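**Q** Can you keep this structure in mind? I'll have questions shortly.
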């Protein structure tokens, strides 16, 4: 579409012609005239466009699984059980299965697009290839909210666990002024430490992620092995006192414990065999996390009953202390929680930087975020993101703002489900390492679950998301739209 063209374009042009002239394809639906400004918002990036970026392909299946499990298995299971168990009763274990099924619909869609569009950027890149530039920008902006705010929130949570661990082991805590009242020093430190690990290179950070993920899975299995000795059948009766409503209500609470399985999809350009390994990593990681969650929930309730769990912010530590009557198992679990949450900071920060790499390469954010350093990592990008998140974690009491990560995640999940349906229609010939079964039923179910969960979020969350979205649209129309790589090819 040349600059000399009229104010309208003919969408009846063939796909080959559109791709040849512009580097993107807008698929038409008959001879209709649409303003060129509108078309520019709908331009899609060819799926085959996978430029060499300088990132090194060093990650096999195990590191990719560890990345996804590491991003998922974190603060949720250590705190959410005490909130969800009173809602569902002993059937809270079933609630985790229901939440996993809800996540599975979106995970299957992620798996297909990860194999078909094996580039960095996760849902942002997938929507750019299927739904157009404006939708991709909205999705990428949501991911920045999800990753950035959640890293800061997780870091603040890590600070609390670190203080608890120090008190249990050496009887000392950081002064309140340094752990949240004035500034949260530990939260900033853990973000900067994760930044330093990421600067070491993808292979090195993948090794750290794998080790810490194995360690925290081992700690949770240790919890199960200890808690099962206190298991009493009567603690499971009545099993579902609030019926189906209680089970589904608790499932909504625990659903966000599954957020993070998509982390492997941000490593599309650092995976050795992305078409096969990315889909496998997403599905395997979700299966591992679900099994661990169900075992922990079932043994917890069976060991101490709902009354002990209710209202406990450290429910798992409470269970061990109740079962053993000793403090050392709780200390082991607290140490595991410190490692678990620190590894979430690392993996989610990694995802944040790779989404920015993809957006920068496409011209939608400044080029500094796509520059690759001598260790084959986006050095400036990692430093900027690390310092910004460290400041956020140190100075801002996140409170309900952290809930905005949920709405950002659900919007991205919903768009990925739509993307699968669109790509099946527009590119049925595209090689896929994995095919989502029963399309369009499964993606539509995934989309419906996202809509249902988004509708239940608090008004303050919608307000925060609305403000963030307006800021994002201003940035796009003031900067990204004209500097887009696809715009340069017009």
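**Q** Give me the number: length gained by fully extending residue 478 to residue 327, i.e. 0.36 nm times residue separation minus the C-alpha to C-alpha distance, one decimal in nm.
**A** Full extension from residue 478 to residue 327 adds 48.6 nm.
**Q** Just round it to a whole percent: the fraction of Cα-Cα distances in the range 127-263 exceeding 19 Å. Display every interim value, and only then the final one.
**A** On the way: 6839 of 9316 pairs.
Result for the distance tail: 73 percent.
**Q** In which sequence would 362, 181, 429, 262 go, from the one with the fewest C-beta neighbours within 10 Å to the one with the most? Walk me through the intermediate numbers first.
**A** On the way: 362 24, 181 10, 429 4, 262 29.
Fewest to most other Cβ atoms nearby, the residues stand as 429, 181, 362, 262.
**Q** Separate question: Work out the FRET efficiency for residue 272 and residue 173 from their Cβ-Cβ distance, taking R0 = 51 Å, and round it to the nearest 0.05.
**A** 0.70
**Q** Still on this structure: Show me 116-129, 325-338 ranked by packing, highest mean number of other Cβ atoms within 10 Å first.
**A** 116-129, 325-338
**Q** In what order do 139, 450 fall by count of nearby beta-carbon atoms within 10 Å, going from fewest to most?
**A** On the way: 139 28, 450 24.
Ranked by crowding around the Cβ, least crowded first: 450, 139.
**Q** Angle between the Cα long axis of helix 328-361 and the longest principal axis of the chain, 0 to 90 degrees, nearest 10?
**A** In the chain, helix 328-361 runs at an angle near 10 degrees to the longest axis.
**Q** Still on this structure: Largest first and in whole Å, what are the equivalent-ellipsoid semi-axes of the range 49-199 based on the Cα gyration tensor, each being the root of 5 times an eigenvalue?
**A** Details: eigenvalues 220, 111, 47 Å².
Ellipsoid semi-axes (Å, largest first): 33, 24, 15.
**Q** To test your reading of the geometry: what angle, between 0 and 90 degrees and rounded to tens, separates the Cα axis of helix 315-324 from the longest principal axis of the chain?
**A** Helix 315-324 sits roughly 30 degrees off the main axis of the chain.
**Q** Mind jotting down the three principal axis lengths of the range 339-490 based on Cα atoms? Whole angstrom, largest first.
**A** That gives 46, 42, 38 Å along the principal axes, largest extent first.
**Q** For labels at residue 181 and residue 444 in the simple 7 Å Cα→Cβ model, what's the distance in nm?
**A** The answer from the label model is 5.8 nm.
**Q** Could you pull out which residues in the range 369-399 have an amide N less than 15 Å from a spot 7 Å beyond the Cα of residue 56, following the Cα-Cβ vector?
**A** Flagged as within label range: 372-379.
**Q** Express the relative contact order of the chain as a whole percentage, based on alpha carbon pairs under 8 Å and six or more residues apart in sequence.
**A** 30 percent
**Q** Here is a further query. Between residue 452 and residue 287, how high is the FRET efficiency from 1/(1 + (r/R0)^6) when r is the Cβ-Cβ distance and R₀ = 22 Å? Nearest 0.05. All intermediate terms of the calculation are to be shown ahead of the outcome.
**A** Numbers: r = 23 Å, r/R0 = 1.06.
According to the calculation, E is roughly 0.40.
**Q** Separate question: For the range 59-488, what percent of Cα pairs sit more than 37 Å apart?
**A** 20 percent
**Q** Measure nothing fancy, just the Cα-based angle from helix 404-426's long axis to the longest principal axis of the chain, in degrees from 0 to 90, nearest 10.
**A** That works out to roughly 50 degrees.
**Q** With the Cα gyration tensor of the range 275-395 in hand, convert its eigenvalues to equivalent ellipsoid semi-axes via √(5λ) and list them largest first in whole Å.
**A** 40, 19, 12
**Q** Follow-up. Return the calculated 222 nm mean residue ellipticity for the chain, to the nearest 500 deg cm²/dmol, obtained by summing -39500 (n - 2.57) across DSSP H runs with n ≥ 4 and dividing by the residue count.
**A** -22000 deg cm²/dmol
Read the figures in this text as sums done on the coordinates, not as results from a lab. Given the structure is predicted, the values throughout are model-derived calculations rather than measurements. Glycine gets a Cβ as well: all are built from the backbone with ideal geometry, and neighbour counts include every protein chain shown.
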